[in-house]
Amino acid sequence: MTEYEAIIGLETHIQLNTATKIFCSCKADSWFDPPNTNICPVCTGLPGSLPTLNKAVVEKGVLLAKAMHSNLLPMSFFDRKNYFYPDLPKGYQISQYDKPIARGGYLDMPMNPAGGQSYVRRVTIDNMHLEEDAGKTRNEPGRRLIDFNRCGVPLIEMVTGPDLRSADEAAQYLIRLRQLLRWLGISEADMEKAHLRCDANVSIRIKGETHLNPKTEIKNVNSIDAVREAISKEIERQIHEVEAGHKIETWTLEWDEDAGVLRKMRSKETEADYRYFKEPDLLAVRMTDEWRDAILAGYPELPLERRARFIEAYGLPEYDAEILTGERTLSDYYEATVKAYGGDPKRVSNWIMNDVLRMVNDAGIQASALKLTPAYLAEIIKLIDAGTINTSTGKSLLAKVETTGRSPATIVDEEGLAQVSDDSAIREVCAKIMAASPNETAFYKAGKVTLIGWFVGQVMKEMRGKADPQIARKIMEEMLSK
Ligand SMILES: [Zn+2]
C-alpha cells in the first residue's frame, strides 16, 4: 500500500481587540450592536474621506511579530487590493502587499500524539500583513442585506509555510495561536465570533517525495473541531482521487458545518486579479528602534516558555504545567500562590487543578478576579499543614472565602472550624456513637471491620467535620477492639 503524507498550510485572519477601527475612530467591536451603527464616511468609503492609521494596530502587530520570531521591516507600506463586492464599499481593501509589517518567523509546537512519540513541529511564518476587514452580507429571499459595522476592523493576516503534516497538527497550531493571542492581550481570538478565521491549503504526496502537488483551499472554517474534521475529510478525498488515477484540481472548497461535508465554491483567483498598488492616502510606517523598544517594554514570558519553566523549576508533571499555563492569569495565580505558600509546588498545583479551576470556570471569570486570592489559598493550605483544620474544612473554606472575601483564619476563628485533635473530646463522642449503634458495634466485633469507615463518618458528623479524621479513626478502632 502506498503511504501518503499531507502538506498543510494555514492562512489565518486575526481580529485585533483595539478600541477603534484601523483607519477611523469608529468603535471596532460591534458584536452586540445593531447593523450599520458603528460607521462613518471613512469606513464606508465616501468620496473625499481620508484614512488615518490607528497606532495601536501597529503596536499589536509588533507584539505578535516578536512572539512569532518574525523580522519587523523598518519601513512598511499599505496597498490597495482591488476587487468588487457589495460589502466592500470603496471597491478595494487597504492591506499590505510587498512591504508588510513583518516577514518570516516560526512557532515551535510540542506535539504529544496519543500513543505515539512526542515531538516538536516547527511551523514557519511567511508574512504578517496588517489590513482592514470588509463588511458582512446577509442573503435573504428576494433581498441582500449589508452591514458595514465590520468595515475597517483591524486584522492581521498571517500565513504559514506548508509545514503541517496532519489535521491534528493544524488544530494544534490554532490552539497554540489562540493561546498566544490571548496571552499577549491583542485579540479575543474567539473563532465562533470570527476573531480568528482560518483557511487551509491542503495537498498530499507520496511519503518521501519532496515536490508539492496541486492543493485545494478550504475556506472559512469557524471552529477548531471543524478545522480538524474538514482537513481530515479533504486528505481522505485526495488520496481516494489519486488512487483512482485522477488528478487533483486546485479547487476552493467550503466546509458545510451542518452536513459535515466540503462543497466546491469556485476556481481560485490568482493575485494578479487584485491589481495591487500603493495606497496613496497613507504614509509609510517607519518602525524606529525607540518605538519598537517602547512597545516591547514589559513583553511577557510566553506560554510555552512558562510551561517549560514550570516543569523545570517546580518539578511539575507536563500535564499540570500545560493546564496551569493554558491562560496567563491562571499561571500568574499559580506562581503567586507557590510564593506565598513556600512549600511543595505540586501541592499548590493540586489545589488549583482540583478546586480553584472549577470555581473559575463555574463563575466564568479569570483567576485574577477571584476574591480567593493567592495569599488566601496559600493560607488555607498552611492551616491544613499546621493541623489547625482538616482537608475537608479547607475545601469548604474555598467557597466561603470566595463569597465573603474575608481571610481564611478569620472565618476559622469566627465559625469555630479549628479541628479537634484533643483525645478526650473525640473519645467521648466515640463512646456515644458506640452506645447509639449496638448492631454496628456487634457486627464490627464479629469481624466486619470495614464498618470503621461508617463509624468515623458518624464521629465527623457529630463533631461537624472538625475532628482530626486520623485521630478519630485511631481512637474508634482502639475502642471497638476492646
Ligand atoms: Zn468609521
Some residue of the range 39-47 being more than 14 Å from the ligand (Cβ to nearest atom) and either of a type in the set (A, V, I, L, M, F, W, C) or under 30 Å from ALA297 (Cβ atoms) (or both): no
Residue within the range 421-440 that is under 30 Å from VAL356 (Cβ atoms) and among the charged types (D, E, K, R) present: no
Odd one out for ASP29 among (1) within 15 Å of the ligand (Cβ to nearest atom); (2) closer than 18 Å to LEU177 by Cα; (3) acidic (Asp, Glu): (2)
Check on ASN139, closer than 18 Å to ASP87 by Cα, out of contact with any helix residue (DSSP H, G or I) (no Cβ under 8 Å at 6 or more places or on another chain), polar (S, T, N, Q) and free of Cβ contacts under 8 Å to residues at least 12 places away in the same chain: yes
Residue check, ASN54 farther than 28 Å from TYR299 by Cβ, assigned by TED's automatic domain parsing to the domain that holds PRO214, touching a residue at least 24 places away in the same chain (Cβ under 8 Å) and within 13 Å of the ligand (Cβ to nearest atom): no
Number of the exception - GLY298 against (1) closer than 19 Å to TRP183 by Cβ; (2) modelled with pLDDT of 95 or more: (2)
Single condition ILE22 does not satisfy, out of (1) within 13 Å of the ligand (Cβ to nearest atom); (2) in contact with a Lys or Arg (Cβ under 8 Å, 6 or more places away or on another chain); (3) of a type outside the set (Phe, Trp, Tyr); (4) within 23 Å of ASP199 (Cβ to Cβ): (2)
Qualifying residue in the range 209-224 (condition: of a type in the set (Asp, Glu), in contact with a Leu (Cβ under 8 Å, 6 or more places away or on another chain) and within 30 Å of PHE32 (Cβ to Cβ)): no
Conditions (1) modelled with pLDDT of 95 or more; (2) within 16 Å of the ligand (Cβ to nearest atom); number of the one not met by LYS136: (1)
Test set (1) touching a strand residue (DSSP E or B) at 6+ places or on another chain (Cβ under 9 Å); (2) not assigned by TED's automatic domain parsing to the domain that holds ALA467 - VAL429 fails condition number: (2)
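Here are ARG178, ARG197, ARG228: which of them is under 25 Å from SER331 (Cα atoms) and under 25 Å from the mean Cα position of the chain (by Cα)?
One residue alone meets the criteria, ARG178.
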Residue within the range 271-291 that is surrounded by fewer than 14 Cβ atoms within 10 Å (Cβ to Cβ), touching a residue at least 60 places away in the same chain (Cβ under 8 Å), at positive phi and more than 29 Å from the chain's Cα centre (by Cα) present: yes
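Could you tell me which of the residues LYS193, LYS247, LYS219, LYS207 is touching an Asp or Glu at 6+ places or on another chain (Cβ under 6 Å) and farther than 17 Å from SER166 by Cβ? Walk me through how you get there before you give the answer.
Details: LYS193 fails: touching an Asp or Glu at 6+ places or on another chain (Cβ under 6 Å); LYS247 fails: touching an Asp or Glu at 6+ places or on another chain (Cβ under 6 Å); LYS207 fails: farther than 17 Å from SER166 by Cβ.
Only one candidate qualifies: LYS219.
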Helices (runs of 4 or more DSSP H) wholly inside the range 367-482 containing at least 1 residues that are basic (Lys, Arg): 374-385, 391-404, 423-436, 438-445, 452-462, 469-480
Selection status of ILE433, farther than 19 Å from THR391 by Cα and in contact (Cβ under 8 Å) with a residue 24 or more places away in the chain: yes
Residue within the range 66-87 that is within 13 Å of LEU155 (Cα to Cα) and in contact with a helix residue (DSSP H, G or I) (Cβ under 7 Å, 6 or more places away or on another chain) present: no
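Residue by residue, here is whether (1) outside the structural domain of MET460 (by TED's automatic domain parsing); (2) of a type in the set (A, V, I, L, M); (3) closer than 15 Å to ARG347 by Cβ; (4) surrounded by fewer than 16 Cβ atoms within 10 Å (Cβ to Cβ) holds:
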site	(1), (2), (3), (4)
GLN366	yes, no, no, yes
LYS371	yes, no, no, yes
ILE381	yes, yes, yes, no
THR393	yes, no, no, no
THR403	yes, no, no, yes
ALA409	yes, yes, no, no
Test: residue in the range 73-95 that is within 16 Å of the ligand (Cβ to nearest atom), under 30 Å from PRO303 (Cα atoms), buried (at least 17 other Cβ atoms within 10 Å of the Cβ) and polar (S, T, N, Q): no
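The values are calculated or read from the model by the stated rules, or taken from the named source; none is laboratory data. Just so it is clear, the model here is predicted, and its values are computed rather than measured. A quick note on method: Cβ atoms are made from the backbone with ideal geometry, for glycine too, and the neighbour counts reach across all protein chains shown.
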